[in-house]
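Engineer: One structure is given below, represented as structure tokens, and several questions about it will come after.
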Amino acid sequence: MPEPSRAALPIVVLISGRGSNLQALIDGIQAGSLPVSIRAVISNRPAAPGLERARQAGIETRVLDHRTYSSREHFDDALRALIDDYQPALVVLAGFMRILTPAFVAHYRGRMVNIHPSLLPSYPGLRTHERALAERVAEHGASVHFVTEDLDGGPVIVQAAVPVRTDDDPDRLAARVLEQEHRLYPTAVRWFAEGRLHLEGDRVRLDGRLLDAPVRLPDTEPTGT
Ligand code: GRF
């Protein structure tokens, strides 16, 4: 990956699997629209396909296999030490399938974000697409939020919605939501890198304004705003 400019914000990305959101960030950096530098991609799963995406982009990869740790606390302590070696200004969870300890979350408060495939606060946790279909909701989507001790419950920064179709199945719906994720995450990370986005107490401040509700990316809005 080409050397980013001096102004690029150092970040570390955590993954467990496919890494398509990681790829969206890499694509944004390579397109020159995302002023961050991915110092490392860390996976808790040695076989995560996303590791190869990072290698292809010339990004350092590290594996910290949670199965080799005797407790969640020990794993999180090791993970924190590993992340902090890279001195990131932001930790980006991109499909990182681990419940994090309160101490770990507190350490990164205001500088760790996650992407979740639902319009939070609806459907925290797993199998969000199945649950949205079962409840026949009219719209579904994805959210980027600051990470707090509440699983998928931290203050939401930005969301994008997709209409749910009568002939949807979980895979089709997930694919459309994923497209939105790939717009959302680079947008939110860019806002943070540009110094426009902060966590203040339990609220999100964007461009100097405390948000009453998450920003909604409209269908047509270019991600370059
Ligand atoms: C995404 O749906 C994300 O919202 C969720 O896990 C999935 C990760 O996908 N947290 P990928 O690994 O980025 O392709």
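The values are calculated or read from the model by the stated rules, or taken from the named source; none is laboratory data. Since the structure is predicted, the reported quantities are computational estimates derived from the model, not experimental observations. Counting neighbours? That spans all protein chains shown, and the Cβs are built from the backbone with ideal geometry, glycine included.
Engineer: Here are the criteria: (1) surrounded by 13 or more Cβ atoms within 10 Å (Cβ to Cβ); (2) outside any helix (DSSP H, G or I). Tell me which single one Pro186 does not satisfy.
Structural biologist: (2)
Engineer: Does Phe192 qualify as being away from the ligand (no atom under 16 Å from the Cβ) and either free of Cβ contacts under 8 Å to residues at least 12 places away in the same chain or buried (at least 21 other Cβ atoms within 10 Å of the Cβ) (or both)?
Structural biologist: Numbers: away from the ligand (no atom under 16 Å from the Cβ): yes; either free of Cβ contacts under 8 Å to residues at least 12 places away in the same chain or buried (at least 21 other Cβ atoms within 10 Å of the Cβ) (or both): yes.
For Phe192, the condition - away from the ligand (no atom under 16 Å from the Cβ) and either free of Cβ contacts under 8 Å to residues at least 12 places away in the same chain or buried (at least 21 other Cβ atoms within 10 Å of the Cβ) (or both) - is met.
Engineer: Select, from Ile15, Ile26, Ile38, the only residue that is away from the ligand (no atom under 12 Å from the Cβ), of a type in the set (Val, Ile, Thr) and outside the structural domain of Glu181 (by TED's automatic domain parsing). Walk me through it before giving the result.
Structural biologist: Values: Ile15 fails: away from the ligand (no atom under 12 Å from the Cβ); Ile26 fails: away from the ligand (no atom under 12 Å from the Cβ).
That would be Ile38, the only listed residue that is away from the ligand (no atom under 12 Å from the Cβ), of a type in the set (Val, Ile, Thr) and outside the structural domain of Glu181 (by TED's automatic domain parsing).
Engineer: In region 83-92, how many are touching a helix residue (DSSP H, G or I) at 6+ places or on another chain (Cβ under 9 Å), surrounded by fewer than 22 Cβ atoms within 10 Å (Cβ to Cβ) and not in a loop (DSSP other than H, G, I, E, B)?
Structural biologist: So the answer is 2.
Engineer: Same structure, new question: Among (1) assigned by TED's automatic domain parsing to the domain that holds Asp212; (2) within 16 Å of the ligand (Cβ to nearest atom), there is one condition Glu139 misses while meeting the rest; what is its number?
Structural biologist: (2)
Engineer: Kindly list the number of the only condition in (1) under 19 Å from Ala142 (Cα atoms); (2) buried (at least 16 other Cβ atoms within 10 Å of the Cβ); (3) not hydroxyl-bearing (Ser, Thr, Tyr) that fails for Leu51.
Structural biologist: Of the numbered conditions (1) under 19 Å from Ala142 (Cα atoms); (2) buried (at least 16 other Cβ atoms within 10 Å of the Cβ); (3) not hydroxyl-bearing (Ser, Thr, Tyr), the odd one out for Leu51 is (1).
Engineer: Can you name the residue in region 102-119 that is part of a loop (DSSP other than H, G, I, E, B) and within 11 Å of the ligand (Cβ to nearest atom) and, of all such residues, is farthest from Asp77 (Cα to Cα)?
Structural biologist: Step one: filter region 102-119 for residues part of a loop (DSSP other than H, G, I, E, B), giving 108-111, 117-119.
Filter once more, keeping what is within 11 Å of the ligand (Cβ to nearest atom): 117-118.
Numbers: Pro117: 27, Ser118: 29 Å.
Taking the candidates together, the pick is Ser118.
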